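Below is one structure; the comments refer to it alone.
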Amino acid sequence: MYDSYSSIPELHKSRLIQMQSSNDIPARWNGTPIASFIQAQNFGYPLHVNDQPQILISTCIEFRYALPIPAKYAYVIRTAGGRLIGQEFAVGYVLTKGVKNIILIAHDDCGMAKVSQAKEAIAKAFVQQGWDPAEALHYVNQQAEVLAIDDELDALEHEYYRLKQMFNDIHVAPLFLTLNDKRVHLPKWYHERISARDAQPH
Ligand SMILES: [Zn+2]
């Protein structure tokens, strides 16, 4: 049997829970487009669309990843790093269109975790486009403060809590994609603190 778990980089393996069948999807997402998305991404299930998308998917600009969704399935925002910082207005907008779920997809080997090495080259790219060198450097440093991350999983966790604080009446699903097998996994912290508790008696 194909062992998808072996494809998860060591760095992240101990911090993720794999979803190998529909039973592994947290019960709180049953019947939501979050569960359907995970089934499509991990198991190749088809996605059904209707005229009212109920989901916003936020992921990275990463070129090695294409979302497995047809037209009319979801609103999509792709940013460097996949977080919704600076996109809160767009979130408010899709709420007015019936969205009740947000999927946040982080991934391994993200360029935003390597910004410190790339800053000089990015500033140079602006200069080559006609920017003043000092302005370019200032802009790049300023944006790097906002967009650079140290660790993809930590950044996902922080973004989850930031969004839940701002939008407390919708599902936010933090998922972690491994690029080499294109599967999404559950962060262990989410399972332990949130989804595992659903199953316990109150
Ligand atoms: Zn990325």
>> Every residue in the stretch 62-93 that is without any contact (Cβ under 8 Å) to a residue 40 or more places away in the chain and either in contact with a Pro (Cβ under 8 Å, 6 or more places away or on another chain) or charged (D, E, K, R) (or both), please.
In response: K72, Y75, R78
> Name the residues in the stretch 90-112 that are closer than 19 Å to I8 by Cα, surrounded by fewer than 19 Cβ atoms within 10 Å (Cβ to Cβ) and not charged (D, E, K, R), would you?
Replying inline: G111
> From the list T59, T32, which residue is over 14 Å from L175 (Cα atoms) and surrounded by 15 or more Cβ atoms within 10 Å (Cβ to Cβ)?
Replying inline: T32
>> Only one of R193, R162 is more than 24 Å from S14 (Cβ to Cβ) and away from the ligand (no atom under 16 Å from the Cβ). Can you tell me which?
In response: R162
> Tell me, which strands (runs of 3 or more DSSP E) lie completely within the stretch 39-114 with 3 or more residues that are over 24 Å from L179 (Cβ atoms) and within 15 Å of the ligand (Cβ to nearest atom)?
Replying inline: none
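The rows are residues; the columns are (1) assigned to a helix (DSSP H, G or I); (2) buried (at least 21 other Cβ atoms within 10 Å of the Cβ); (3) among the hydroxyl-bearing types (S, T, Y); (4) at pLDDT 95 or above.
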{"site": "V127", "(1), (2), (3), (4)": "yes, no, no, yes"}
{"site": "G130", "(1), (2), (3), (4)": "no, no, no, yes"}
{"site": "H138", "(1), (2), (3), (4)": "yes, no, no, yes"}
{"site": "A144", "(1), (2), (3), (4)": "yes, no, no, yes"}
{"site": "E159", "(1), (2), (3), (4)": "yes, yes, no, yes"}
{"site": "K164", "(1), (2), (3), (4)": "yes, no, no, yes"}
{"site": "P174", "(1), (2), (3), (4)": "no, yes, no, yes"}
{"site": "R193", "(1), (2), (3), (4)": "yes, no, no, no"}
{"site": "A196", "(1), (2), (3), (4)": "yes, no, no, no"}
> Out of (1) farther than 30 Å from Q20 by Cβ; (2) away from the ligand (no atom under 16 Å from the Cβ); (3) without any contact (Cβ under 8 Å) to a residue 12 or more places away in the chain, what's the single condition that is false for A118?
Replying inline: (2)
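The values are calculated or read from the model by the stated rules, or taken from the named source; none is laboratory data. Remember, predicted model here, so these are calculated numbers, not experimental data. Because the Cβ atoms are built from the backbone with ideal geometry, glycine has one as well, and the counts that use them run over all protein chains shown.
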